[in-house]
Amino acid sequence: MYLHPPKSTWDFHNAFQSKTAIGLAVSLGILPWLWMIGIKANPLIKSIRFPIAVVLAMGLLTLGGFLLSTTKATWYFVEWAKIRTPNPSFGRNTLFWEQRNFEQAGSPDAKTKVVIVGSSQPNQGFSLNWLEMACQDIRFEKNCLAGFGPMQYPFLNNRISERRPQIVVCHLSEFDFFREDAVPIERLRWAATLSGTKTVFQTLTAYQAWKNRGALGDLAFSSVIPYWRHRDHFRRTLFGYWWNKSESPKVDSDQPTPLAVSSTLDEAIFFLKKNIGRKELVEANFASFHCFAQQLKQQHVKLIVVEGQVHPNARRVYDTEHLQQETRMRLKAMATELEFVFFETNQMPTFTPADFADAYHLNDDGRRKLSDFLAEHLKMENN
């Protein structure tokens, strides 16, 4: 009674007359017959015992996986899933990454391209409108993802590199590094690659690798099987096929599109205090970001790391072990080693509670401060 099929621009009349559609329909129609032939023929080949049915099934799965990995098929898959994915949500963020559909500003002909990479913090912390007005000879782009953590970089570094930036800007704070007791498989699976899995494996100790063997196996399997990598999208779409869940929240034109639903200050403080501390994978997180920074250096891409801002009241409650200072020291040492720029708090504008929308996202005033600070630095770099 309450099913509301989403509106579609698909021209069914023309589609079902196309050779592609007919070929696809025939292929799907003969699958059961091929399976039956395989089952009936297999016992006849007693001397060889060749598993025809299994080989056919594996061949079809391989072909489907290959097709799903092509650019055109990915675009259609994303459009199929996007309308049935809650907005905002992590799942929806990943669909935009699949299409390389990123927020951009500035002239496409600009000689310098700056890509801002990270979580919802830099997404809401930097205003592309302000940056574009201040630096009219630079092209800006945001490659941001809700919950983007250090272990995500080895999986997404190739996607970031393919954007061909001259400058990459990251925004990192202590809660990026001090939050993992286990490999965050749910955040990593959707972009799994064999090279990324290998890098993360190398950042773990032998004990940690054994403890996280299930996650590493999942990532390795996801790297070669697209169906498994996109399983959450398939499940979400198939079980919510008739519902349009993609209604976007109303935001001002200068406001960045929210990547996830933000918690109130009190809720965020509660979860920060509960989840941030000396977790098991702190070293793995720093090592993962080190690998990313090293790759950018090898590609001659300039890296700028800005120390992340957190609401003073929140940091005062959860940072009882001086994690901010430790993160700052380690990033400074890494910057010296790999020759990237690191801006710590005392080099940046002062952010007060009035500059925050919640525990770790800046409001309009804070966004203006941070954007102006980055713009001034970029203008000096370009001169």
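The values are calculated or read from the model by the stated rules, or taken from the named source; none is laboratory data. Every value quoted in this text rests on a predicted model; they were computed, and no experiment measured them. Because the Cβ atoms are built from the backbone with ideal geometry, glycine has one as well, and the counts that use them run over all protein chains shown. Accessible surface is based on the protein model in full, side chains and every heavy atom, while ligands, DNA and RNA are left aside. Shrake-Rupley method; radii C 1.70, N 1.55, O 1.52, S 1.80 Å.
Compute the acute angle (0 to 90°) between the alpha-carbon long axis of helix 323-338 and the principal axis of greatest extent of the alpha-carbon atoms of the chain; round to the nearest 10°.
80
Whole-Å semi-axes of segment 233-383's equivalent ellipsoid, largest first, each the root of 5 times a Cα gyration tensor eigenvalue?
29, 22, 21
List the aspartates and glutamates whose Cα lies under 18 Å from the Cα of Lys297, skipping any in the same chain that are fewer than 8 positions away.
Within the straight-line cut-off, Lys297 pairs with Glu162, Glu337, Glu339, Glu381.
Give a residue-ordered list of calculated ³J(HN,Hα) values for segment 344-349 (Karplus: 6.51 cos²θ - 1.76 cosθ + 1.60, θ = phi - 60°; whole Hz; x for Gly, Pro).
My calculation for segment 344-349 gives 8, 4, 6, 9, 10, x Hz in order.
Put Met36, Met380, Met151 in order of accessible area, largest first, 1.4 Å probe: what do you get?
Met380, Met36, Met151
Quick one: which residues, 5+ away or cross-chain, put their amide H under 5 Å from the amide H of Phe178? H built at 1.01 Å from N.
none
For the chain, what are Rg and Dmax over the alpha carbons, in angstrom?
That works out to 23.9, 80 Å for Rg and Dmax.
Rank-order 232-241, 172-181 by packing density, defined as the average count of other C-beta atoms within 10 Å over each peptide's residues, highest first. Display every interim value, and only then the final one.
On the way: 232-241: 14.4, 172-181: 22.4.
Listed from highest to lowest mean packing, they are 172-181, 232-241.
Filter Lys19/Lys72; Lys198/Lys279; Lys111/Lys332; Lys113/Lys198 down to the pairs with a C-alpha to C-alpha distance above 20 Å, please.
Lys198/Lys279; Lys111/Lys332; Lys113/Lys198
Can you tell me the orientation of helix 194-203 relative to the chain, as the angle in degrees between its alpha-carbon axis and the longest Cα principal axis, to the nearest 10?
It is inclined by approximately 50 degrees.
On a 0 to 90° scale, report how tilted helix 282-298 is relative to the longest principal axis of the chain, with both axes built from alpha carbons and the result rounded to the nearest 10.
The two axes meet at around 90 degrees.
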